[in-house]
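Structure first, commentary second.
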Amino acid sequence: MRVLNVEGEPEFADHVMRALVDIGFVVDIAREGIDGKHMALEGDYDLMLLEAMSPGIEDFGALLAVREKRDFPIALLTASDAVEDRVVGLRMGADDYLVKPFALPELLSRVQTLLRRDHPQDLAAMHLCDLRLDLAKHRATRSGVRLNLSAQDFKLLALLLRRQGQVQSRTILAEQLWDINFDCDTNVVDVAISRLRKKIDDPFSVKLLHTVRGMGYVMETRV
């Protein structure tokens with residue numbers, strides 16, 4: 001699933017992104033409210049985290065604009081603990097409201113709860129052909145055979161499966177999984193893909209992880 005995090009504090013935004021990626025989510029970050037509003041209206045997201053005090057946001061204008069066009073869950077994150085602010089935010093379309101500072105496990109729990117309402121099956125497991133990824137048990141199998149995946153393998157596979165059929169560039173994978181700006185001289189992505197492919201494809205006749213030359217990688221079945 002894909003989450004949009006609109007947050008003006010870079011360090012906090014990156015901290016939240018890493019926590020979400022660790023449990024299998026794909027995360028995009030907007031540093032400015034106006035960018036976040038545009039991304040929310042034009043992109044394909046399952047949930048939005050909105051810092052009500054992000055630069056470029058006036059009151060709850062961005063929330064109202066997004067809610068009028070999109071129906072995915074929106075959780076407000078803010079330093080204001082005023083009851084009236086919470087009431088206004090919820091009335092304008094927010095599905096949840098967290099006051100900073102909060103414990104990261106609480107945020108992750110609320111994100112999963114909000115998403116479970118609309119996508120219960122997506123939070124439980126993902127599959128492609130005979131490959132199955134059980135997110136709750138952190139387990140992967142193919143043709144019923146347990147796959148020995150490292151934590152990094154699991155995160156990479158979860159990201160590719162969530163976007164199966166869509167080519168993922170090395171840049172996207174590097175930013176999402178390692179929180180680094182991709183350097184053409186860095187082979188960390190290719191090494192990780194090669195390691196994953198040996199575990200999920202090499203022992204089986206049907207290949208699921210494919211290289212698209214000059215573009216990146218994709219998970220899909222091919223005839």
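The values are calculated or read from the model by the stated rules, or taken from the named source; none is laboratory data. As the structure is a prediction and not an experimental result, all values here were calculated from the model. Cβ sites come from the backbone with ideal geometry, for glycine too, and all protein chains shown count toward neighbours.
If you filter segment 27-46 down to residues that are among the hydrophobic types (A, V, I, L, M, F, W, C) and out of contact with any helix residue (DSSP H, G or I) (no Cβ under 6 Å at 6 or more places or on another chain), you find that the one that is surrounded by the most Cβ atoms within 10 Å (Cβ to Cβ) is 39.
Looking across segment 9-49, the residues that are part of a loop (DSSP other than H, G, I, E, B), out of contact with any strand residue (DSSP E or B) (no Cβ under 6 Å at 6 or more places or on another chain) and over 16 Å from residue 107 (Cα atoms) come down to 9, 31, 32, 43, 44.
The residues of segment 4-20 that are touching a helix residue (DSSP H, G or I) at 6+ places or on another chain (Cβ under 6 Å) and not acidic (Asp, Glu), listed by number, are 4, 5, 6, 19.
The condition (being at pLDDT below 85 and closer than 30 Å to residue 136 by Cβ) is satisfied by just one residue among 92, 1: 1. In segment 78-94 there is no residue matching the filter, namely being of a type outside the set (Asp, Glu) and under 22 Å from residue 154 (Cα atoms).
Residues that are modelled with pLDDT of 90 or more number at least 2 in the following helices (runs of 4 or more DSSP H) confined to segment 115-201: 151-162, 188-200. When the test is whether a residue is in a helix (DSSP H, G or I) and at pLDDT below 80, residue 86 passes it. Inside segment 204-217, residues that are within 23 Å of residue 146 (Cα to Cα) and in contact with a Lys or Arg (Cβ under 8 Å, 6 or more places away or on another chain) make up a count of 4.
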